[in-house]
Structures are given as C-alpha cells and as structure tokens.
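Comments concern the structure below.
Where a number appears in this text, it was derived from the coordinates with a stated rule and is not lab data. The structure displayed is predicted, hence computed values, not measured ones.
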Amino acid sequence: MGLRVLFRAIIMGPPGSGKGTISDRISKSFGLTHLSSGDVLRANIKAKTEIGLLMKSCIDQGQLVPDDVISRLILGELRQMGSSGWLLDGFPRTVPQAEALDDAYNVDTVINLDVPFPTIQERLTSRWLHLPSGRVYNTSFNPPKVPGLDDVTGEPLTQRSDDTPDTVARRLKAYETQTQPVLEYYRNWIVGRFKHRLPFEATNLSGQMVGCSRLVKNKLP
Ligand code: ATP
Ligand code: MG
C-alpha cells in the first residue's frame, strides 16, 4: 500500500476571490476532496430540501445563514468523508463556526486569498457556474470552451442569484464584519500551535496566496 497523507486545509478569502477555482486546482494536485459550503447550500436549494427552502432567502439577501445550521451541515458532510484529506471552502465563516470545526478536527493549514474589493465587484458580474459540479467560469479570464456550456458535461451554465451588485455589496460587508475575525483567529491559533516549527514551507504556493508558513513567520519575533 502506498503512503497516505491525511491533509486537511481551509481556503479563505472574500466572496469572488477565486476560492472555487483555486480549490479545484489545489484539490486535484494534492488529491484532496473539495467541500464548498456554498455548493452544499445551493445543492440543497436545488433539491428543495427543508434546509434549502429555509436558507434560500438568507442567501439571496447576501446574509450568512445561522451558525448552528451550517456547522451541523458541514460537520455532517465531513463525517461522511471519513478519513480522507479535504479542502474546505466557505466554512468556517465566523468565529463560532471555527470553534465548532476545531472541536471536531485538527486542521493542518489555512490559505488566504487576498483580493481587493473593487476587483471582486467586477469579477462577480461576469461569473458563470455549472451548478451540479460547482465549476466556475468567468467570461473575461476563464471562459468555457463553448460559450454558456460546461467544459466537462456540456450542460448549461447559470449565473448565481446572489451575484447582483446590491447583494455583492452586502456579502462583502458580511465578510468584513464576520469573516475577517476568523483570519485573526487562525493567525493566533497557528502561532500558538506551531511556535517552534514551520511545517508548511512547501505549501506556500505563490501568486496571491498567503500560505500558513508566511502567517507564522509574520508573527514570529
Ligand atoms: P464565492 O464567491 O467564493 O463562492 P461567497 O462567499 O460569496 O464566495 P458562497 O461561499 O458560495 O459565496 O456562499 C453563498 C452564500 O451561502 C453566502 O452568501 C451565505 O449566505 C451562505 N453561506 C455559505 N457558507 C456559509 C457559512 N459558512 N456560514 C454562513 N453562511 C454561509
Ligand atoms: Mg465559492
């Protein structure tokens, strides 16, 4: 049997920062399962589950869904995955969610995508999505091979109902007030946990990515 490395990571960044796109690439390269809270919620809405029906208006208004609902949903998905490596995208989004995750799992690294808000506004309006798989396209810099159709399945692409300018503004606000504190939470947590070693040199993947090694270095004397 080959060597199996259990790696568990979180990707963070404002709405539209490219979490979905980058996560696909990272999870393929490293053999991790990509789990996106937004994709899970949209699948629930599409399937008209009780949670989906209850949460739809929250999401369409650009507000976060309640912590206990999303924590139960995502921790349930992770439990079903058993002992596999994963990359979490969109969860945790608040400090209570981060604490709930911490209680259940050891997370190895946190990646933060740092993209300026004006760039985001522009990107989101040209974003197209393949709903069943979560694959994302952008008409200006990552277009599908055939306009309007998914590269893999050929099925039609859709735009997200929460990608309108007003809702995007509210999502950015929610990010600032509720999600940025999670980054601070992990900065402190990582420093405490890995004070005497810098284990993630190799995961500093360049570009706009801030690997955990850099977070650690920034905080060390
Ligand atoms: P991106 O543009 O990178 O997909 P996003 O943050 O705008 O990021 P999703 O992650 O797809 O969008 O989430 C869409 C909506 O689902 C959020 O605006 C929010 O209402 C809800 N949601 C998703 N994850 C969470 C979470 N962890 N806690 C609370 N609400 C969430
Ligand atoms: Mg996403």
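Is segment 116-163 best put as rounded, prolate or oblate by its Cα gyration tensor, with a ≥ b ≥ c the root eigenvalues, rounded for a/c under 1.5, and otherwise prolate when a/b is larger than b/c, oblate when not?
Values: a/c = 2.60, a/b = 1.74, b/c = 1.50.
Taking the square roots of the gyration eigenvalues as a ≥ b ≥ c, segment 116-163 is prolate.
Can you spot the aspartates and glutamates whose alpha carbon is less than 13 Å from Lys19's alpha carbon? Ignore those fewer than 8 places along the same chain.
Hits, sequence-local ones excluded: Asp39, Asp89, Asp114.
Whose amide H sits under 5 Å from the amide H of Gly62, counting only residues 5 or more places off or on another chain, with H placed in the peptide plane?
Under 5 Å from the amide H of Gly62 lies no amide H from a residue far enough along the sequence or on another chain.
With the Cα gyration tensor of segment 1-70 giving a ≥ b ≥ c as the square roots of its eigenvalues, does the rule (a/c under 1.5 for rounded; else a/b larger than b/c for prolate; else oblate) give rounded, prolate or oblate?
Working: a/c = 2.62, a/b = 1.91, b/c = 1.37.
Cα axes put segment 1-70 in the prolate bin.
If you plug each phi of segment 111-117 into the Karplus form 6.51 cos²θ - 1.76 cosθ + 1.60 with θ = phi - 60°, what whole-Hz ³J(HN,Hα) values come out, in order, with x for Gly and Pro?
9, 10, 8, 10, 10, x, 4
Averaging sequence separations of C-alpha pairs under 8 Å and six or more residues apart, then dividing by the length of segment 1-81, give the relative contact order as a whole percent. Write down the numbers at each step before the final one.
On the way: 30 pairs, mean separation 11.0, N = 81.
The normalised contact order for segment 1-81 reaches 14 percent.
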